[in-house]
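**Q** The structure follows.
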Amino acid sequence: MALFEELTTMGHEQVVFCHDKATGLKAIIAIHDTTLGPALGGCRMWDYKSEEDALRDVLRLSRGMTYKNAVSGLNLGGGKAVIIGDPKKLKSEAFFRTFGRFVNSLGGRYITAEDVNIRVNDIELVGLETDFVAGINSRAGGSGDPSPVTAWGVYHGIRASVQYKLGKSSLKGVSVAVQGCGAVGSHLIEHLTHEGAKVYVADIDAEKVKENVRLYGAEAASLEDIHRLKVDVFAPCALGGFLDDRVIPELKASIVAGAANNQLLDESIHGSMLRERGILYAPDYVINAGGVINVYQELAGYDEKIAKQRAANIYDTLTNVYKEADAKGITTNQASGHIAEERIKAVRGMSSLRNTLGNQNWPHHDLLKR
Ligand code: NAD
């Protein structure tokens with residue numbers, strides 16, 4: 001990869017390669033953009049096939065965090081870390097504390113948290129070496145499991161989508177097919193059924209399906225049919241990449257709005273395919289931002305009530321995305337990208353004024369004092 005060419009195209013500020021022979025740590029931290037505040041994004045551990053795959057992943061994921069944080073109205077930039085290697089073989093106290101020292105060496109330009117294969121216990125070890133960490137339980141004011149707040153945000157995102165597409169202000173009688181009833185899905189099913197929606201559920205884990213049928217009166221559907229049901233909303237809450245050339249033509253829902261990350265197999269092709277079919281798509285990183293909103297609240301002094309209020313604002317954020325998409329005749333994922341870029345551009349434009357006036361009120365300075 002022509003690294004600097006790639007960084008120029010994607011707009012990254014800094015990429016840090018971290019290595020420690022004693023523990024076997026090999027990590028890459030990518031800081032994409034800090035215009036709006038310190039770069040926040042989780043740390044993923046994966047046994048990548050090649051170092052180039054790891055680099056590509058961290059560049060893509062950190063850029064995604066810039067957009068997510070910007071469109072969600074948070075005073076945060078985008079960053080991400082990847083640790084290369086087999087989690088079963090490499091994890092140890094010294095391993096994560098060493099990673100913590102690397103994070104600390106960036107002086108707060110990057111704040112880390114959990115992601116794939118990184119558990120709360122691991123991130124707590126990182127937190128022994130740096131304050132620039134979020135999503136931990138042990139520290140006073142820690143925010144813990146983000147999934148209830150993520151589900152709360154998705155629920156409000158579904159409400160906004162139903163209002164926008166179907167003109168209904170309530171979910172009573174609206175039908176929703178939820179694919180995946182895990183941590184986020186099951187909380188979402190609870191909110192939907194509580195408001196009187198007719199909910200269908202499917203999961204590869206039959207026990208989880210049974211539990212949601214029993215607890216919330218949802219109706220079980222098969223794994224093959226969940227996206228083909230004649231419902232108002234299809235809510236993907238399992239794995240990413242599900243919306244592809246095969247699945248999109250089979251959808252009967254007029255709205256796709258769910259928690260899963262990276263729902264479109266290919267952003268440009270499949271976003272357009274949904275639009276052409278007249279299906280309203282809630283961009284995944286907009287509707288599932290409750291998790292990062294929860295972590296942001298932890299940095300400011302955690303209060304679950306405030307975190308949930310902020311997550312409920314996803315209703316307005318999504319409505320703006322839909323209006324922008326319709327006004328410009330573009331896909332909803334393109335519209336959310338534009339809104340994020342416009343916000344960053346406007347704040348970046350303030351920098352010369354900030355240099356003249358001083359930046360005592362730069363919002364994230366307070367965020368970092370803990
Ligand atoms: P989870 O692992 O608790 O739940 C996922 C569920 O999907 C599991 O019950 C699993 O059995 C099921 N599943 C997997 N493959 C399936 C398939 N093919 N068909 C049906 N069900 C299947 O994960 P989660 O925390 O609930 O997250 C769900 C999605 O939301 C993920 O894509 C995640 O990246 C995204 N997300 C989660 C959060 C959060 O706060 N947890 C925040 C943002 C985004």
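The values are calculated or read from the model by the stated rules, or taken from the named source; none is laboratory data. Computed from a prediction, not measured in an experiment: that's the story for all the values here. In this analysis, Cβ positions are derived from the backbone assuming ideal geometry, glycine residues included, and neighbour counts consider all displayed protein chains.
**Q** How many residues are over 24 Å from Tyr322 (Cα atoms), part of a helix (DSSP H, G or I) and touching a helix residue (DSSP H, G or I) at 6+ places or on another chain (Cβ under 8 Å) if we restrict to the range 61-94?
**A** Total meeting the criteria: 1.
**Q** Right, another one. Any idea which of Leu264, Leu229, Leu239 is under 21 Å from His187 (Cα atoms) and of a type outside the set (Lys, Arg)? Let's see the steps before the verdict.
**A** Details: Leu264 fails: under 21 Å from His187 (Cα atoms); Leu229 fails: under 21 Å from His187 (Cα atoms).
Sole residue among the options that is under 21 Å from His187 (Cα atoms) and of a type outside the set (Lys, Arg): Leu239.
**Q** Buried (at least 23 other Cβ atoms within 10 Å of the Cβ) and more than 16 Å from the ligand (Cβ to nearest atom), is that true of Ile269? Reasoning before the result, please.
**A** Numbers: buried (at least 23 other Cβ atoms within 10 Å of the Cβ): no; more than 16 Å from the ligand (Cβ to nearest atom): yes.
So Ile269 does not fit the description; no.
**Q** Go through (1) within 18 Å of Gly42 (Cβ to Cβ); (2) surrounded by fewer than 24 Cβ atoms within 10 Å (Cβ to Cβ); (3) small (Gly, Ala, Ser) and name the single condition Gly290 misses.
**A** (2)
**Q** Also, I was wondering about something else. Could you go through the range 267-282 and let me know if any residue there is under 18 Å from Asn69 (Cβ atoms) and among the aliphatic types (A, V, I, L, M).
**A** Yes, the range 267-282 contains at least one residue that is under 18 Å from Asn69 (Cβ atoms) and among the aliphatic types (A, V, I, L, M).
**Q** In addition: Can you run down the residue pairs with Cβ atoms below 7 Å, 6 or more apart or on separate chains, where the first is in the range 87-116 and within 18 Å of Tyr296 (Cα to Cα) and the partner is in a loop (DSSP other than H, G, I, E, B) and of a type in the set (Phe, Trp, Tyr)?
**A** The qualifying pairs are Val103/Phe132; Gly108/Phe132; Tyr110/Phe132; Ile111/Phe132; Thr112/Phe132.
**Q** Return the total of residues in the range 58-103 being within 15 Å of the chain's Cα centre (by Cα) and not aromatic (Phe, Trp, Tyr). Don't jump to the end; show me each part of the working.
**A** First, the residues of the range 58-103 that are within 15 Å of the chain's Cα centre (by Cα): 58, 60-74, 76-81.
Now narrow it down to the ones that are not aromatic (Phe, Trp, Tyr): 58, 60-66, 68-74, 76-81.
Summing the residues that are within 15 Å of the chain's Cα centre (by Cα) and not aromatic (Phe, Trp, Tyr) in the range 58-103 gives 21.
**Q** Ok, one more. Return a yes/no flag: does the range 293-301 have any residue that is charged (D, E, K, R) and crowded, with 16+ Cβ neighbours inside 10 Å.
**A** Just the residues of the range 293-301 that are charged (D, E, K, R), to begin with: 298.
Next, from what is left, pick out any that are crowded, with 16+ Cβ neighbours inside 10 Å: 298.
Yes, some residue in the range 293-301 is charged (D, E, K, R) and crowded, with 16+ Cβ neighbours inside 10 Å.
Yes/no matrix, rows are residues, columns are (1) at pLDDT below 95; (2) charged (D, E, K, R); (3) touching a Gly at 6+ places or on another chain (Cβ under 8 Å):
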| position | (1), (2), (3) |
| --- | --- |
| Trp152 | no, no, yes |
| Tyr155 | no, no, no |
| Ser161 | no, no, no |
| Gly173 | no, no, yes |
| Ala183 | yes, no, no |
| Val201 | no, no, yes |
| Arg228 | no, yes, no |
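**Q** So, in the range 13-57, exactly how many residues are among the aliphatic types (A, V, I, L, M), in a loop (DSSP other than H, G, I, E, B) and under 20 Å from the mean Cα position of the chain (by Cα)? Write out each step before concluding.
**A** So in the range 13-57, the residues among the aliphatic types (A, V, I, L, M) come out as 15-16, 22, 25, 27-31, 36, 39-40, 45, 54-55.
This time we only want the ones that are in a loop (DSSP other than H, G, I, E, B), so: 22, 36.
Now narrow it down to the ones that are under 20 Å from the mean Cα position of the chain (by Cα): 36.
The number of residues fulfilling the criteria is 1.
**Q** Quick test of your reading of the structure: Phe99 fulfils all but one of (1) surrounded by 22 or more Cβ atoms within 10 Å (Cβ to Cβ); (2) at pLDDT below 90. Name the failing condition by number.
**A** Checking Phe99 against (1) surrounded by 22 or more Cβ atoms within 10 Å (Cβ to Cβ); (2) at pLDDT below 90, the one that fails is (2).
**Q** Continuing with the same structure: What number of residues within the range 231-251 satisfy the criterion of being within 15 Å of the ligand (Cβ to nearest atom) and in a strand (DSSP E or B)?
**A** Total satisfying the criteria: 4.
**Q** Look through the range 178-230, keep the residues that are part of a loop (DSSP other than H, G, I, E, B) and within 14 Å of Ala259 (Cα to Cα), and return whichever of them is farthest from the ligand (Cβ to nearest atom).
**A** Taking the range 178-230 and keeping what is part of a loop (DSSP other than H, G, I, E, B), we get 180-182, 195-197, 203-205, 217-218, 221-230.
Pick out the ones that are also within 14 Å of Ala259 (Cα to Cα) and you get 180-182.
Numbers: Gly180: 3, Cys181: 6, Gly182: 2 Å.
Ranking the candidates gives Cys181 first.
**Q** On to the next question. Could you tell me which of the residues Asp284, Asp225 is of a type in the set (Asp, Glu) and either crowded, with 24+ Cβ neighbours inside 10 Å or in contact with a Pro (Cβ under 9 Å, 6 or more places away or on another chain) (or both)?
**A** On the way: Asp225 fails: either crowded, with 24+ Cβ neighbours inside 10 Å or in contact with a Pro (Cβ under 9 Å, 6 or more places away or on another chain) (or both).
Result of the check over Asp284, Asp225: Asp284.
**Q** Additional query: Answer yes or no as to whether Ser143 is within 19 Å of Tyr296 (Cα to Cα), modelled with pLDDT under 95 and more than 11 Å from the ligand (Cβ to nearest atom).
**A** Numbers: within 19 Å of Tyr296 (Cα to Cα): yes; modelled with pLDDT under 95: yes; more than 11 Å from the ligand (Cβ to nearest atom): no.
The answer is no for Ser143.
**Q** Here's a follow-up. Considering only the range 252-266, state which residues are within 16 Å of the ligand (Cβ to nearest atom) and more than 9 Å from Phe234 (Cα to Cα).
**A** Scanning the range 252-266 gives Ala259, Ala260, Asn261, Asn262, Gln263, Leu264, Leu265.
**Q** Determine if the range 102-112 includes at least one residue that is touching a Phe, Trp or Tyr at 6+ places or on another chain (Cβ under 7 Å), β-branched (Val, Ile, Thr) and outside any strand (DSSP E or B).
**A** Scanning the range 102-112, I find at least one residue that is touching a Phe, Trp or Tyr at 6+ places or on another chain (Cβ under 7 Å), β-branched (Val, Ile, Thr) and outside any strand (DSSP E or B), so the answer is yes.
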